[in-house]
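One structure is given below, encoded as structure tokens.
The values are calculated or read from the model by the stated rules, or taken from the named source; none is laboratory data. Values in this document were obtained by computation on a predicted structure and should not be read as measured data. Glycine gets a Cβ as well: all are built from the backbone with ideal geometry, and neighbour counts include every protein chain shown. What goes into the accessible areas is simple: the full protein's heavy atoms, side chains included, and nothing from ligands, DNA or RNA. Shrake-Rupley method; radii C 1.70, N 1.55, O 1.52, S 1.80 Å.
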Amino acid sequence: MNKTRKIRSAFAVVLSFVLSLCVVALALLGVARFTALSPSFAKRSIEKSGFGEKKLAEIKTEFISYGNACNIGDDFFNSFFETTLTGEYIEKNATDYYEKVYTQKDASPDSAEIEQLLKPALVKYAEEKGYADVDSLDEDLDVIVSELGQIYRSVLALPSSSTITSMIVRFTRLCNYALLASAVLSLLAAMMLLLIFKPKVYSFRYLIYAFSGSFLMLLALPLYVRIANLIGKVNIVSKALYSFVVSFGNGVLDSVIISACCCAVITAACVLVYVKLSKKEN
């Protein structure tokens, strides 16, 4: 009898450890699927990070630098960015582009509307500066508009976006299968723990071990990274992209910490059931 009990207890220890790992995997995969692999999460990160205003400043700097080489004064771009091209527009355009990156391998920022707005503004500026009689003015302005559009796309574009898209598509598919597998394994392990002991009080003891272990595993590393602000120490030249990456990364960490808290709640519930069953046994 004692030997059977020891074997059962050893099996329960193994099962609780397996359940703990499966719950951790389920939580991490769930967080990844609904944060890092979700375009709506990227959209929220853009909105939280003040991406539009920061990227607007970068685009303006590049436009002014190009304009100086083409004899276009800073006053033109200052006026254009104050009245026409705003941070809200950049944020919306960036959001549309980042959402496309999740599904389209050759996604590129849309500069068509910017180019349409630039052309008449440049024509008016040329007239004010006395260049209206230049024969090749229209062709020259078309070239300038096209190159400014290219600058806009290059500043807004993500580096290696095609590679990022391929990785997202591949990992999303794998994540869906792995998420289902970890959910099934977690459920099976929990059911087996409930079935191997007739007095259910022992089953809940091992469930407490499993979920408390999951809580600690899920909480420790993300909490350390958050407190130490390790993501904030990443080296990215673009202030807009840096803000987005920090907001995105911290959002993922916060989601993992929330999943750890869910495990803590389940652990607390199991403790309450365990105490109640213990009183009945006594």
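Quick check on Ala107: is it over 20 Å from Ala240 (Cβ atoms) and under 22 Å from the mean Cα position of the chain (by Cα)? No: the conditions fail for Ala107. Would you mind stating whether Gly249 is outside any loop (DSSP other than H, G, I, E, B) and farther than 20 Å from Ser161 by Cβ? No; evaluated as a whole, the condition is false for this residue. Of the candidates Ile258, Ile236, the single residue that is out of contact with any Cys (no Cβ under 6 Å at 6 or more places or on another chain), closer than 25 Å to Ser20 by Cβ and aliphatic (A, V, I, L, M) is Ile258. Restricting the first member to region 190-209 and to residues that are among the hydroxyl-bearing types (Ser, Thr, Tyr), and the second to residues that are crowded, with 17+ Cβ neighbours inside 10 Å and not in a loop (DSSP other than H, G, I, E, B), the beta-carbon pairs closer than 6 Å and six or more apart or on different chains are Ser203/Leu193; Tyr206/Ala12; Tyr206/Ser16; Tyr206/Leu193; Tyr209/Ser16. Kindly evaluate Ile90 against the criterion of being touching a residue at least 60 places away in the same chain (Cβ under 8 Å), in a helix (DSSP H, G or I), open to solvent by less than 80 Å² (accessible area, probe 1.4 Å) and over 18 Å from Ser160 (Cβ atoms). Spelling it out, Ile90 is indeed touching a residue at least 60 places away in the same chain (Cβ under 8 Å), in a helix (DSSP H, G or I), open to solvent by less than 80 Å² (accessible area, probe 1.4 Å) and over 18 Å from Ser160 (Cβ atoms).
The helices (runs of 4 or more DSSP H) found wholly in region 105-224 include none carrying at least 2 residues that are small (Gly, Ala, Ser), open to solvent by 40 Å² or more (accessible area, probe 1.4 Å) and closer than 19 Å to Ala269 by Cα.
If the condition is being outside any helix (DSSP H, G or I) and open to solvent by 90 Å² or more (accessible area, probe 1.4 Å), then region 61-85 contributes only Asn71. Within region 225-246, the set of residues being among the hydroxyl-bearing types (Ser, Thr, Tyr), surrounded by fewer than 19 Cβ atoms within 10 Å (Cβ to Cβ) and part of a helix (DSSP H, G or I) comprises just one member, Tyr242. Hey, any hits in region 40-56 for a residue that's surrounded by fewer than 17 Cβ atoms within 10 Å (Cβ to Cβ), part of a helix (DSSP H, G or I) and over 14 Å from the mean Cα position of the chain (by Cα)? Yes, region 40-56 has at least one match.
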